[in-house]
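Quick notes on the structure that follows.
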Amino acid sequence: MRCSRCARTGAGSSAGGSAVSAGAPLVSVEGLAKHYGDVHVFRGVSLQVERGEFVAIVGESGVGKSTLLNCLAGLDDWDEGRITLAGQDLSTLDDTRRALLRRSQVGFVFQAFHVLPHLDVAQNVGLPLLLLGRPHAQRVEAMLEAVGLAGLGPRLPQQLSGGQLQRVAIARALVHSPPLLLADEPTGNLDPSTAEQVLDVLIERTRSERASLVLVTHSQAAAVRADRVLRLTAEGIRPA
Ligand SMILES: Nc1ncnc2c1ncn2[C@@H]1O[C@H](COP(=O)(O)OP(=O)(O)O)[C@@H](O)[C@H]1O
Ligand SMILES: [Mg+2]
């Protein structure tokens with residue numbers, strides 16, 4: 001959803017121009033505020049995510065965790081503040097440029113898997129590579145093996161369990177080696193034992209790909225494995 005009140009500062013600047021210095025954070029959020037009409041969601045949200053860092057975000061239901069992740073991915077707009085992703089100020093990018101930046105820089109894992117039902121497992125995992133114009137069957141096969149799904153490429157999603165579907169989603173989110181993985185309660189639909197195994201895969205794969213991970217979770221077990229845990233409230237985000 002787009003919000004007409006969002007400032008589009010620096011609309012004339014280039015989407016591809018700015019160089020990213022090696023030490024710059026991958027994600028920088030300054031003073032973010034978001035509301036839906038009269039409903040205030042959060043304000044004063046500032047955080048930085050370094051390259052390779054694993055940040056867990058916790059908070060009450062409805063406080064805006066999914067909204068924040070969607071903003072980080074440029075999938076949603078905000079009302080105040082600034083988000084910089086890989087050196088690009090998202091507010092300077094139109095929807096097409098945001099989509100192109102997201103395609104190369106971000107992998108997303110959702111609670112509800114969002115695996116495409118009419119594509120087989122290998123086609124689902126290979127989709128980001130296809131969209132980037134660089135299909136790579138061996139890379140897809142290697143990712144399937146890495147998440148414990150070796151040999152299941154020809155299966156349709158309906159032939160998989162929930163835990164297997166989330167492994168497909170993890171493989172798909174990382175197959176094109178994005179520097180940022182966003183995961184929104186990725187184990188929320190799984191039983192505790194499957195959740196633990198899927199979480200292991202998610203963290204281990206993200207670490208081995210050297211990607212940053214921003215994980216929204218209610219799981220204490222997940223949060224303790226993060227480099228930092230932040231709590232989102234209506235008035236900002238703080239160390240938990
Ligand atoms: N498209 C929308 N229109 C209006 N209100 C919304 C919309 N999406 C989310 N909200 C509201 O914004 C708040 C934050 O939602 P959400 O980001 O889903 O919270 P969380 O992920 O922390 O549970 C909630 O009060 C929710 O009802
Ligand atoms: Mg949510």
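What follows is calculated from the coordinates using simple rules that are stated; it is not laboratory data. Quick caveat: nothing in here was measured; it's all calculated off a predicted structure. Glycine gets a Cβ as well: all are built from the backbone with ideal geometry, and neighbour counts include every protein chain shown.
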Using a cut-off of 11 Å between beta-carbons, work out the net charge of the residues near A222 (Lys and Arg +1, Asp and Glu -1, A222 not included). -2
Residue separation between A240 and E196 times 0.36 nm, minus their alpha-carbon distance, gives in nm 13.7 nm
Which net charge results for the neighbourhood of S66, defined as the other residues with beta-carbon distances under 10 angstrom from its beta-carbon, given Lys and Arg at +1 and Asp and Glu at -1? -2
Simple spin-label estimate for S177/R210, 7 Å along Cα→Cβ, in nm, reads 0.9 nm
Chain lengthening between Q220 and E50 when straightened (0.36 nm per residue, less Cα-Cα): 59.0 nm
Just to confirm the number: angle between the C-alpha axis of helix 162-174 and the first principal axis of the chain, 0 to 90 degrees, nearest 10? 60 degrees
With each pseudo-label sitting 7 Å past Cα toward Cβ, what's the D94-H118 distance in nm, one decimal? 2.9 nm
Please give the helix 95-105 orientation as an angle from the longest Cα principal axis of the chain, in degrees from 0 to 90, rounded to the nearest 10. 50 degrees
Quick one: Cα convex hull volume of region 27-239, Å³ per residue? 119 Å³
Order these peptides, 158-169, 218-229, by their mean beta-carbon neighbour count within 10 angstrom, highest first. 158-169, 218-229
In this structure, the FRET efficiency calculated for L132 and A24 from their beta-carbon separation, with R0 = 30 Å, to the nearest 0.05, is 0.80
Evaluate the relative contact order of the chain (contact order divided by residue number), counting alpha-carbon pairs under 8 angstrom at least 6 apart; express in whole percent. 28 percent
Stretch gain in nm, segment T233-H35, where the contour uses 0.36 nm per residue and the Cα spacing is subtracted: 69.9 nm
Ranked packing of 85-91, 203-209, most packed first, by mean Cβ within 10 Å: 85-91, 203-209
Long-range amide H contacts for E80: which residues qualify at under 5 Å (H placed 1.01 Å from N, peptide plane, sequence gap of 5 or more or a different chain)? A33
